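The values are calculated or read from the model by the stated rules, or taken from the named source; none is laboratory data. Note that the structure is predicted; figures quoted are calculated from it, not measured. Cβ sites come from the backbone with ideal geometry, for glycine too, and all protein chains shown count toward neighbours. When the accessible area is computed, the model is the full protein with side chains, heavy atoms only, and any ligands, DNA or RNA have been set aside. Shrake-Rupley method; radii C 1.70, N 1.55, O 1.52, S 1.80 Å.
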Amino acid sequence: MTSGSTPPAALKGRILSGIQPTGNLHLGNYLGAIRNWSALQKDYECLFCIVDLHAITVWQEPKELIRATREVAAGYIASGIDPVANALFVQSHVPAHAQLAWVFNCVARLGWLNRMTQFKDKAGKNREAASAGLYVYPNLMAADILVYKATHVPVGEDQKQHLELARDIAQKFNNDYGVNLFPLPEPVIRGPGMRVMSLRDGSKKMSKSDPSEFSRLNMTDDADAIAGKVRKATTDPNPLPDSVEGLEGRAEAANLLNIYAALTDQTLEQAVAEQAGQQFSQFKAKLTDTAVTVLGPINAEMKRLMNDPAEIDAVLKRGADKANAIAEPVLAEVYQTVGFLPGIR
Ligand code: TYM
């Protein structure tokens, strides 16, 4: 880890990604994000954030927010992210995120924010009652990334639009001020299937905010919970098809096979070929075993870590020190570019 504005030359670039500490980590977070981070960590300089500032754009119970923040950190470490080689940290521990976000509030256009589908989804019908923070959420996300001049951002497909906005902000900032300060960060989205859907409704994303616990597999679920949720997962009456085309119009079957493919490191085509003609009962038993094999050790390690909050906090403190060392000079460069009077802080 360097404190300069560029990562060591031997690496392919600098990664920044994050997860909100809202509710439980679930299989979508694992397959869409964390698992990929752990695969990328050897080739990139990595910063992995727990985005508590983003979390409070909707109401969070303060005590629960603290617990969930540590739990996300435990999830990162338990999934194999090296807490020494990479910076694991909490967003609010690095003030430059919020400081740069303010500058970006003045760069991003209302028209851009109005197009953000996540705001529309989260605000729902009662937009007037949504927090202002929820509206400018993507500007803060752009700041998370650009305050490190990150070059690559591994996320699930649902974050693609936010990433495009971050690129637009970087570009507009560079153009407006006639500088080349920010790189345009690239999304890293692994596999087209990496949108894990609800176990209850194959047309809805698996999400922490779904009121039904049966809609998701949590990273903290034990074998019994996993078995119960997979057993209850919505299906249709037909056996599994022998080709990917046969999944057309069968969203739930497609989702379960996608999950199975991801957990077994196969392509969807391979998973479909393997399970062709199976009844759901047989396939669900196989899927349960696979999910327990993958999530079991992660789950056990998360529990161990959660019993030792001091260990987690020490990792996060070290991570914040590393992150601050990179972010502060970038923020200083931005402030100078914008024309803020220097030297009085
Ligand atoms: P969040 O907390 O909703 O999700 C964290 C990560 O998990 C991925 N993910 C999924 N992937 C596949 N299928 C799903 N059902 C699924 N649900 C979640 C997300 O794509 C994400 O990668 N705005 C971000 C947090 C954020 C961030 C950032 C990410 C804030 N600043 C800077 C990257 C860089 C979010 O709400 O993620």
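Which of the residues belonging to segment 218-235 are of a type in the set (D, E, K, R) and under 16 Å from ILE259 (Cβ atoms)?
ASP221, LYS229, ARG231, LYS232, listed by residue number.
Each row is one residue, and each column tells you yes or no for (1) in a helix (DSSP H, G or I); (2) hydrophobic (A, V, I, L, M, F, W, C).
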residue	(1), (2)
LEU240	no, yes
GLY249	no, no
LEU257	yes, yes
ASP265	no, no
THR288	yes, no
THR293	yes, no
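Among the residues of segment 160-179 satisfying the criterion of being more than 17 Å from TYR335 (Cβ to Cβ) and open to solvent by 30 Å² or more (accessible area, probe 1.4 Å), which is farthest from the ligand (Cβ to nearest atom)?
Only one residue tops the list, namely ASN175.
Give the residue, chosen from VAL72, VAL58, that is assigned to a helix (DSSP H, G or I) and not polar (S, T, N, Q).
None of the other options fit; the residue is VAL72.
Test of understanding: among PRO183, PRO187, which residue is closer than 30 Å to ALA332 by Cα and part of a strand (DSSP E or B)?
PRO187
Go through (1) within 11 Å of the ligand (Cβ to nearest atom); (2) under 30 Å from VAL338 (Cβ atoms); (3) open to solvent by 10 Å² or more (accessible area, probe 1.4 Å) and name the single condition TYR44 misses.
(1)
Inside segment 31-41, can you point out the residues that are open to solvent by 10 Å² or more (accessible area, probe 1.4 Å) and within 8 Å of the ligand (Cβ to nearest atom)?
Selection gives ALA33 alone.
Restricting attention to segment 150-159, and to residues there that are open to solvent by less than 50 Å² (accessible area, probe 1.4 Å) and in contact with a Lys or Arg (Cβ under 8 Å, 6 or more places away or on another chain), which single residue is farthest from the ligand (Cβ to nearest atom)?
That would be THR151.
In segment 269-301, how many are open to solvent by less than 40 Å² (accessible area, probe 1.4 Å) and of a type in the set (A, V, I, L, M)?
7
If you take the residues in segment 54-77 that are among the polar types (S, T, N, Q) and free of Cβ contacts under 8 Å to residues at least 60 places away in the same chain, which one is nearest to PHE119 (Cα to Cα)?
GLN60
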